[in-house]
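Here is the structure we will look at, set down as structure tokens.
The values are calculated or read from the model by the stated rules, or taken from the named source; none is laboratory data. Since the structure is predicted, the reported quantities are computational estimates derived from the model, not experimental observations. Here the Cβ positions follow ideal geometry from the backbone for every residue, glycine too, while neighbour counts run over all protein chains shown. Each accessible area value is taken on the protein alone, full model and side chains, heavy atoms only, with ligands, DNA and RNA left out. Shrake-Rupley method; radii C 1.70, N 1.55, O 1.52, S 1.80 Å.
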Amino acid sequence: MTSTSLDLRDEIQRLKKERNAVILAHNYQTGDIQDLADYVGDSLGLAYRAQETDADVIAFCGVHFMAETAKIVNPNKTVVLPDKDAGCSLEESCPADELEKFINDHADKNYYVIAYINCSAGVKALCDVICTSGNAIKIVNQAPTDRPILFVPDANLGAWVMEQTGRKMDLWQGACYVHVEFTRDSINKIKAEYPDALVVAHPECTTAVRLLADEVCSTEKMVDYCKDAPVKNIIVVTESGMLHRLQKEAPDKNLIAGPTDRCACSDCRFMKMNTLQKLRDCLDHLAPQVEMPEDVRKRAEAPLLKMLEQSK
Ligand code: 13P
Ligand code: SF4
């Protein structure tokens with residue numbers, strides 16, 4: 001570690017104390033940020049942690065919709081994220097005005113709208129309940145059976161949940177640009193190199209890739225899967241940051257990043273916008289802050305709290 005990053009780490013710890021801040025980080029953050037965080041986890045774990053914290057400031061190292069989720073459940077706390085441009089292709093694929101128009105145009109259907117948490121507060125405000133990859137099956141299983149379901153914005157996650165629950169759903173055609181980079185060919189090639197390996201994949205992957213996996217689950221569930229796996233070699237088909245968390249938690253395993261057709265692994269450019277320097281700066285300046293109109297926050301809070309209740 002360079003002296004600069006050591007200084008930065010010290011400064012972050014000092015500012016954290018001064019601000020009475022908590023640092024929450026997603027599993028896809030770079031290793032240096034994960035190592036410094038108070039909690040590292042998936043979207044569901046992070047939402048619970050944000051709800052429970054008694055810190056005054058939440059420094060959210062993840063993407064914007066995750067920090068926004070923390071703000072929705074903590075209107076009176078300051079929520080900062082290191083880079084305000086850390087977006088998400090799934091969030092982009094479903095603008096709130098388009099969803100609102102769709103719901104209005106199909107008012108006769110009386111859709112029960114389930115939104116994957118990877119969406120804006122404006123989209124959350126239009127939904128009946130939120131879900132994450134960690135609880136999607138549970139949430140869909142609790143949906144009313146007398147109304148059709150509209151699932152937004154991830155069509156791949158939606159297809160997987162339909163298979164798992166047997167519920168038919170109308171799917172918004174959004175996708176994660178990182179997970180659709182994995183292909184049947186790229187995963188078959190790495191499987192040929194490690195014929196005894198197990199494959200664990202995120203449900204944002206395409207059906208063709210999911211069919212090659214021994215387990216499909218959220219990033220947090222990958223931790224237990226890798227720890228408990230009866231083999232040494234495990235191919236991990238998700239964003240590259242996950243490997244750092246897994247290597248720490250399952251040091252006896254040989255964890256192999258799932259490759260794409262072009263690269264040895266797949267990086268989320270949004271997740272990787274956050275750096276130690278930007279984390280230091282956001283704690284120092286208390287900016288950029290996540291904010292939203294109070295009426296949107298209130299309407300987004302109801303389906304979010306419903307999810308937290310239903311996934312207990
Ligand atoms: P998890 O909730 O499984 O961590 O997934 C979040 C995400 O953005 C996956 O791309
Ligand atoms: Fe969004 Fe995909 Fe990045 Fe996750 S990996 S934050 S779904 S773009």
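When only the heavy atoms of the protein chains count and the probe is 1.4 Å, how do H26, H64 rank by accessible area, highest first?
Values: H26 5, H64 45 Å².
Per-residue accessible area, sorted high to low, gives H64, H26.
Give me the accessible area of L211, 1.4 Å probe, in Å² rounded to the nearest 10.
130 Å²
Which of the trypsin sites (Lys or Arg not before Pro) found in the range 165-229 are in a DSSP loop and have at most 11 neighbouring Cβ atoms, other than their own, within 10 Å? Don't skip to the answer; put the middle values down first.
Working: sites: R167, K168, R184, K189, K191, R210, K221, K227; in loops: R167, K168.
Answer in residue order: K168.
If the convex hull of the alpha-carbon atoms of the chain is projected onto planes in all directions, what is the mean projected area in square nanometres?
It is 16.1 nm².
Could you tell me which of L243, F182, I33 has its Cα farthest along the dipole of the chain towards the positive end, charges placed at Cβ (Lys, Arg +1; Asp, Glu -1), taken about the Cα centre?
L243
Rounded to the nearest 0.05, what FRET efficiency do D196 and R262 have when you use their Cβ-Cβ distance and R0 = 25 Å? Please report the intermediate quantities before stating the final value.
Values: r = 26 Å, r/R0 = 1.05.
Efficiency at R0 = 25 Å is approximately 0.45.
Once the dipole of the chain is set up with Lys and Arg at +1 and Asp and Glu at -1 on Cβ about the Cα centre, which of H285, P82, V113 lies farthest towards its positive end?
Working it through, the farthest residue towards the positive pole turns out to be V113.
Rg and Dmax of the range 47-166 over Cα atoms: what are they, in angstrom?
Calculated on Cα positions, Rg and Dmax stand at 15.2, 45 Å.
Using the Cα centre of the range 34-184 as the reference point, and only Cβ charges (+1 on K/R, -1 on D/E), how large is the resulting charge dipole? Debye, rounded to the nearest 20.
On the way: 12 positive and 22 negative charges, 86 e Å.
Once rounded to the nearest 20, the dipole reads 420 debye.
Excluding ligands, DNA and RNA, what is the solvent-accessible area per residue of the chain at a probe of 1.4 Å, expressed in Å²? Present the calculation step by step, with values, prior to reporting the outcome.
Working: 13140 Å² over 312 residues.
With all protein chains present, the chain gives 42 Å² per residue.
Under the classification rounded if a/c is under 1.5, otherwise prolate if a/b is larger than b/c and oblate if not, where does the range 87-156 fall, given a ≥ b ≥ c as square roots of the Cα gyration tensor eigenvalues? Walk me through the numbers on the way to the answer.
Numbers: a/c = 2.10, a/b = 1.06, b/c = 1.97.
Oblate, since a/c reaches 1.5 and b/c is not below a/b.
Pairwise over distinct Cα atoms, reciprocal of the mean inverse distance: report the Kirkwood radius of the range 144-215 in Å, one decimal place. Before the final figure, lay out each step's value.
Values: mean 1/r = 0.0753 Å⁻¹.
That comes to 13.3 Å for the range 144-215.
If I take every Cα pair under 8 Å that is 6 or more residues apart in the range 83-159, average their sequence separation and divide by the length, what percent do I get for the relative contact order?
Numbers: 90 pairs, mean separation 27.4, N = 77.
Answer for the range 83-159 is 36 percent.
Tell me, what HN-Hα J-couplings in whole Hz come from the Karplus equation 6.51 cos²θ - 1.76 cosθ + 1.60 at θ = phi - 60° for each residue of the range 45-59, using x for Gly and Pro?
Coupling constants for the range 45-59: x, 5, 5, 5, 4, 4, 5, 7, 5, 10, 5, 7, 10, 10, 9 Hz.
Could you work out the relative contact order of the chain, using alpha carbon pairs under 8 angstrom and six or more residues apart, expressed as a whole percent? Kindly include the intermediate steps, with their values, before the conclusion.
Details: 635 pairs, mean separation 70.7, N = 312.
The normalised contact order for the chain reaches 23 percent.
Can you send over the carbon and sulfur percentage of the accessible area for the range 1-139, probe radius 1.4 Å, protein chains only? It would help to have the intermediate numbers written out before the result.
Values: 2340 of 5290 Å².
With neighbouring chains kept in place, the figure for the range 1-139 is 44 percent.
I'd like the accessible area for Y116: 1.4 Å probe, protein heavy atoms, all chains in place, Å² to the nearest 10.
That residue has around 10 Å² of solvent-accessible surface.
Separation between the E98 and N141 pseudo-spin-labels, each 7 Å from Cα along Cα→Cβ, expressed in nm?
3.2 nm
Residue separation times 0.36 nm, minus the C-alpha to C-alpha distance between Q289 and Q277: what's the value?
Values: separation 12, 0.36 × 12 = 4.32 nm, distance 1.64 nm.
Full-extension gain reported as 2.7 nm.
Please work out how much accessible surface V180 shows to a 1.4 Å probe, ignoring ligands, DNA and RNA, in Å² rounded to 10.
The accessible area comes out at roughly 60 Å².
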